[in-house]
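*Asks:* I'd like to ask you about the structure that follows.
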Amino acid sequence: MSARPSAEGGTGTLPEQQVRAMFDRIASVYDLMNSVMTVGMHHQWRERAADLARLGPGDRALDVATGTGDLAIALKRRVGPDGEVVGSDFSEKMLELARQKSGDVRFEWANALELPYDDDSFDAATVGFGARNFADLAKGLVEMVRVVGPGGRVVVLELTTPRRPPLSWFFTLWFDRAVPVLGRLAGDPDAYSYLPSSVKRFPGSHELAALMASLGLDEVRYVLTAGGIVALHSGTVSQA
């Protein structure tokens with residue numbers, strides 16, 4: 001694979017240890033809160049992300065920041081019994097729940113900024129609603145590109161901030177007002193106040209696409225869904 005530029009700059013998230021502790025705390029309510037906040041649509045978005053990975057039977061895929069494992073499980077359906085999917089996360093509490101969902105995926109601890117996998121060892125790497133939690137976004141993406149072989153796919157599914165009213169007004173009302181209230185009801189107001197701020201700090205769709213292209217990905221494309229609240233970015237690792 002071609003040499004890749006170094007990663008510089010992050011997304012201004014909380015310190016890594018605080019983010020890890022936060023996800024350990026909310027693990028038990030994570031799936032329920034996702035379903036409430038997205039009216040169950042998050043499952044469809046993960047299916048679309050899995051499709052963008054362009055996997056076939058027998059392929060090998062990595063889902064970074066896998067959380068409770070839903071995207072990794074969707075990938076496993078595409079690679080079949082002869083393929084392999086690894087779901088990695090730095091929250092052991094999240095991984096415990098993921099392992100309860102599926103014994104067909106290998107769920108294991110890993111830091112997204114220092115993935116413990118060889119270069120070119122996967123046919124695709126995905127991250128679903130986890131990239132905005134990377135302490136250094138570029139470094140996390142560099143790691144995902146590194147572990148995928150030439151011609152393989154890198155897919156980023158993430159929330160984004162709509163720019164135009166009236167959806168931008170609704171987004172602000174929902175994320176700034178309603179989500180923190182839901183967090184208080186779930187018993188962790190800090191975590192669900194962090195969510196809106198992490199989305200606002202995350203690069204816009206054009207900026208993220210440009211960053212992915214600069215890190216060794218070709219054919220970088222993105223599609224907005226849910227009225228512009230959710231973005232699916234994908235690219236192919238350079239053959240050069």
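The values are calculated or read from the model by the stated rules, or taken from the named source; none is laboratory data. Predicted, not measured: the structure shown is a model, and the values here were computed from it. Methodologically, a virtual Cβ is constructed for each residue, glycine included, from the backbone with ideal geometry; neighbour enumeration extends over all protein chains shown. Each accessible area value is taken on the protein alone, full model and side chains, heavy atoms only, with ligands, DNA and RNA left out. Shrake-Rupley method; radii C 1.70, N 1.55, O 1.52, S 1.80 Å.
*Asks:* Considering (1) aliphatic (A, V, I, L, M); (2) assigned to a helix (DSSP H, G or I); (3) in contact with a helix residue (DSSP H, G or I) (Cβ under 8 Å, 6 or more places away or on another chain), say which one Met144 fails and leave the rest.
*Replies:* (3)
*Asks:* Within segment 215-240, work out how many residues are farther than 22 Å from Val148 by Cα, open to solvent by less than 50 Å² (accessible area, probe 1.4 Å) and either acidic (Asp, Glu) or in a strand (DSSP E or B) (or both).
*Replies:* Within segment 215-240, residues that are farther than 22 Å from Val148 by Cα, open to solvent by less than 50 Å² (accessible area, probe 1.4 Å) and either acidic (Asp, Glu) or in a strand (DSSP E or B) (or both) number 2.
*Asks:* Mind checking which residues of segment 188-240 are aromatic (Phe, Trp, Tyr) and either at pLDDT 95 or above or closer than 26 Å to Asp119 by Cβ (or both)?
*Replies:* Our first condition is that a residue be aromatic (Phe, Trp, Tyr); within segment 188-240, this holds for 192, 194, 202, 222.
If the condition is that a residue be aromatic (Phe, Trp, Tyr) and either at pLDDT 95 or above or closer than 26 Å to Asp119 by Cβ (or both), then Tyr222 is the only one that fits.
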